[in-house]
1. Can you list the HN-Hα couplings for the range 159-175, worked out from phi with the Karplus curve (6.51, -1.76, 1.60; θ = phi - 60°), rounded to whole Hz and with x for Gly and Pro?
2. Per DSSP H run of n ≥ 4, the term is -39500 (n - 2.57); total these for the chain, divide by its residue number, and report the mean residue ellipticity at 222 nm rounded to 500 deg cm²/dmol.
3. Relative to the longest principal Cα axis of the chain, at what angle does helix 79-98 sit, 0 to 90 degrees, rounded to 10?
4. Just the number, please: carbon plus sulfur as a percent of the accessible area of the range 187-334, 1.4 Å probe, no ligands or DNA/RNA counted.
5. Calculate, in whole percent, how much of the Cα-Cα pair population of the range 212-260 lies beyond 17 Å.
6. Suppose all protein chains stay in the model; what accessible area per residue would a 1.4 Å probe give for the chain, in Å²?
7. Taking the Cα centre as origin and putting +1 on Lys and Arg beta-carbons and -1 on Asp and Glu beta-carbons, what dipole magnitude results for the chain, to the nearest 20 debye?
8. How high is the relative contact order of the chain? Use alpha-carbon pairs under 8 Å, at least six apart in sequence, and give a whole percent.
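The values are calculated or read from the model by the stated rules, or taken from the named source; none is laboratory data. Values in this document were obtained by computation on a predicted structure and should not be read as measured data. Cβ sites come from the backbone with ideal geometry, for glycine too, and all protein chains shown count toward neighbours. Accessible surface is based on the protein model in full, side chains and every heavy atom, while ligands, DNA and RNA are left aside. Shrake-Rupley method; radii C 1.70, N 1.55, O 1.52, S 1.80 Å.
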Amino acid sequence: FEQTRRRRLSFTRLTMQGNAQSTTSADTRTEDGGELISQIQAMKKETLRRLKEKNFDGALDTIQKMLKTIEKAGDIGGAHISLSAIVDESIQAFTNLAFAQPHRGNGTIERISRGLTAIHLQLSSASILSSPFDTLSRSTFMNALKALTGIVTSTNSNDVLPGKSYKPLDASFRILQRLVTGRGVRSVTADQSVELSERDFNMVLNAVSHVGQMDMCHKIIALQERTPHAPPLSPVAYSILLKGYGRLRDVQNVQMILFHAGMNQVQPDTIMMNSVIDAFVNCNDFETANDFFRYMKEPEYKGHSLSKYSSLLITDTRPQPNKRSYNTILKGLAK
């Protein structure tokens with residue numbers, strides 16, 4: 001009986017010691033997590049300080065250091081979400097400033113390029129950051145899209161970005177694809193989609209057309225047409241395409257765009273009709289430009305060159321000419 005009692009006492013002591021060791025181990029992990037959180041918080045402050053100084057390279061280096069520190073720490077339990085949130089806040093602050101207006105001036109292209117690097121860092125860190133912090137908000141992608149298209153239209157250039165192997169419009173198209181598919185966009189699951197407005201598509205379309213990259217224009221149009229939840233093509237999109245081909249004096253593709261619009265039963269408004277007139281003026285086809293102008297101006301007018309566009313001009317009410325209509329036709333007369 002005495003031996004049995006001693007064995008029980010010995011087992012109790014061992015159990016208490018084991019529990020104490022487990023508690024100590026848990027406390028150590030908690031302390032380590034807290035220490036790591038403090039360390040990452042300090043790096044966040046350093047990032048913000050460097051951003052305030054407009055030191056984008058220094059801020060980016062600090063963000064990379066944050067990610068490496070978290071990766072090196074390994075399994076950090078519940079602290080992982082808190083650490084991921086801190087990194088997310090740092091990258092959000094970085095991209096907000098990197099993509100901010102104005103989208104012109106010295107250092108702007110470099111600043112936008114650094115912002116794209118920050119986006120790539122977050123999207124490629126799924127093994128380091130907890131969900132959903134390995135994705136980015138729709139607003140971040142939209143800010144990047146506005147910055148990229150803004151720099152193209154303000155500089156009239158689509159040169160390769162500093163430190164990158166791609167051009168602003170290439171990056172714009174990839175972001176548009178992400179927004180369409182929802183891949184990498186926060187709060188969007190595999191069976192959901194991001195709501196995109198016509199303005200979102202047209203923003204990229206206008207920048208691409210502005211620099212004469214009409215092959216990419218058709219990629220954007222194709223993406224919009226094959227996306228079930230995307231808005232249908234409107235007179236605004238066709239106006240952008242007509243301006244682009246008009247600038248290039250490509251009358252065959254101007255005609256092709258008008259046929260496409262007619263097939264899609266688009267009803268042209270005054271803005272689109274002005275773009276039609278301007279495109280034909282630029283292509284030195286004043287007869288057709290004048291026929292479209294008179295179609296707007298005279299209720300019963302049926303010009304000879306308009307017969308081929310009959311499917312486009314079947315409308316209940318004819319668009320009315322405005323000041324720009326007259327100025328455009330005057331430009332044609334002056335040629």
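1. 3J(HN,Hα) across the range 159-175, in whole Hz: 6, 4, 5, x, x, 10, 10, 10, 9, x, 6, 5, 5, 4, 5, 5, 5.
2. Estimated from H runs of four or more residues: -22500 deg cm²/dmol.
3. That works out to roughly 30 degrees.
4. Roughly 50 percent, rounded to a whole number.
5. Working: 366 of 1176 pairs.
It works out to 31 percent of all Cα pairs.
6. Result: 53 Å² per residue.
7. 600 debye
8. Values: 401 pairs, mean separation 32.0, N = 335.
Reported relative contact order: 10 percent.
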